[in-house]
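Reviewing the structure listed below.
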Amino acid sequence: MVMNSAFTTPLPLPAELDFLRLRYRPDLHTLVARWQRPVLPAELRQGYAAILQAAEATACPVWLVDLRGRNAPATAEAHWLNTEFLPQLPGRLGGLVCLGFLVSPHFGEQFALAAVAIQSASYEPLTVRYFEDEGRLTHWLAQCPPGY
């Protein structure tokens, strides 16, 4: 996805979040979150809290989360993401939520294991997919059910 500034809205973040960039794509009604570097466990939680805050501010339940600049989460952080963070999203965002994660081939297998845990937990109405190609991810997000 080309991030043309005419079609994106940068979202303000606290100064200490130098590891995350957020943009809202009104043309696609998609929130784009790009992790900029490997993060510590506390930063991972801070980052996801900032993403959720931006999603609530823009009323946007469709997310493209670029994990390529970030390290794979440790087991405890993956557990937090799967059991605490993701299950709250439909309630916080008013229903259907569609999340597409962009991963590098290097971490693809680790993130794929997390995806199996997420999908087996079945957080209706939350749909999560992992991609190594941004074009395919963008296409998939565009196919999210109507009403997003």
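The values are calculated or read from the model by the stated rules, or taken from the named source; none is laboratory data. Just so you know, these numbers come straight off a predicted model, no measurement behind them. Because the Cβ atoms are built from the backbone with ideal geometry, glycine has one as well, and the counts that use them run over all protein chains shown.
Side notes on the structure shown:
- Residues that are assigned to a helix (DSSP H, G or I) and either under 19 Å from L22 (Cβ atoms) or among the aliphatic types (A, V, I, L, M) (or both), drawn from the range 59-87: A76, A78, L81, F85, L86
- First in the range 26-43 and on the phi > 0 side of the Ramachandran plot and in a helix (DSSP H, G or I), second anywhere and of a type in the set (A, V, I, L, M, F, W, C) and surrounded by fewer than 16 Cβ atoms within 10 Å (Cβ to Cβ), Cβ under 8 Å, 6 or more apart: none
- Among the residues of the range 112-130, those that are surrounded by 19 or more Cβ atoms within 10 Å (Cβ to Cβ), within 22 Å of G69 (Cβ to Cβ) and either at pLDDT below 65 or of a type outside the set (S, T, Y) (or both) comprise A114, I118, V128.
- Close Cβ contacts (under 9 Å, 6 or more residues apart or on different chains) running from residues in the range 85-108 that are under 18 Å from G69 (Cα atoms) and surrounded by 14 or more Cβ atoms within 10 Å (Cβ to Cβ) to residues that are modelled with pLDDT of 90 or more and among the β-branched types (V, I, T) comprise L99/V62; L99/V65; G100/T30; G100/V62; G100/V65; G100/T138; F101/V65; L102/V65.
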